[in-house]
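Single-structure report; data block below.
Nothing in this text is a laboratory measurement; each read-out follows from the coordinates by a stated rule. Given the structure is predicted, the values throughout are model-derived calculations rather than measurements. So basically every Cβ, Gly included, is an ideal-geometry build from the backbone, and we count neighbours across all protein chains shown.
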Amino acid sequence: MDSGVQTNLNPFAIAQRQLDEAAKRLDLDPGLHELLRWPMREFHVRIPVRMDDGSVRVFPGYRVQYNWARGPCKGGIRFHPEETVDTVRALAAWMTWKTAVVDLPLGGGKGGVVCNPKEMSSRELERLSRGYIRALGHYLSPTVDVPAPDVYTNPQVMSWMLDEYERLTGHSAPGVITGKPLALGG
């Protein structure tokens, strides 16, 4: 099948090849196979952040909701200078398959922002975290998509994201983000 994706070390092309091989071995229905080859929904956002020096930088961000047939999408948010949408797609696909293999009532999701958190202050990271939720919060909820920490994100980042989500929605929703400090529900 032509995936329309470059295959040289492209993580999503690798994930698709893995699915193709598994589908062949399992004699998977062709329609289901095609459905599982691509994400159900994918967001590309641009997050403006006022930096401590007063300048504004715009960071590309992604959220892939790969498949929610078994339940809400579940997967981390990565802050990394070399993040790509193909990496996020692949990780969301693998999360979909991992939750299915262990029979969890969850689908797969993953998010990422192209940034170098090692070169950002805590205030800049907070503004970036809140900006990510302002850009994507309407597509997150405990019943739709539940982000968690991943590469260069941590409980503090998750608590800023939860706070921004609750500020935007006007109600308490501790189940919308996992990996928060225990005092906020973990």
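A compact table of results
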item	result
Neighbour-count order for Ser122, Ser159, Ser129, fewest beta carbons within 10 angstrom listed first	Ser122, Ser159, Ser129
Distant-in-sequence amide H partners of Thr153 (H built 1.01 Å from N, under 5 Å)	Phe79
DSSP-defined beta bridges in the chain - what % are antiparallel, rounded to 5	60
Computed magnitude of the charge dipole of the chain (debye, nearest 20; Cβ of K, R +1, Cβ of D, E -1)	260
Helix-only [θ]222 nm of the chain, DSSP H runs n ≥ 4, -39500 (n - 2.57) each, per residue, nearest 500	-12000 deg cm²/dmol
Debye intensity ratio in log₁₀ form over the Cα atoms of the chain, taken at each q of 0.17, 0.18 Å⁻¹	-1.06, -1.16
Ranked by how many other beta carbons lie within 10 Å on average, peptides 68-80, 10-22, 42-54 from highest	68-80, 10-22, 42-54
Relative contact order, percent, the range 1-149 [alpha-carbon distance under 8 Å, six or more residues apart]	25
For Lys110, Lys24, order by how many other beta-carbon atoms lie within 10 Å, fewest first	Lys24, Lys110
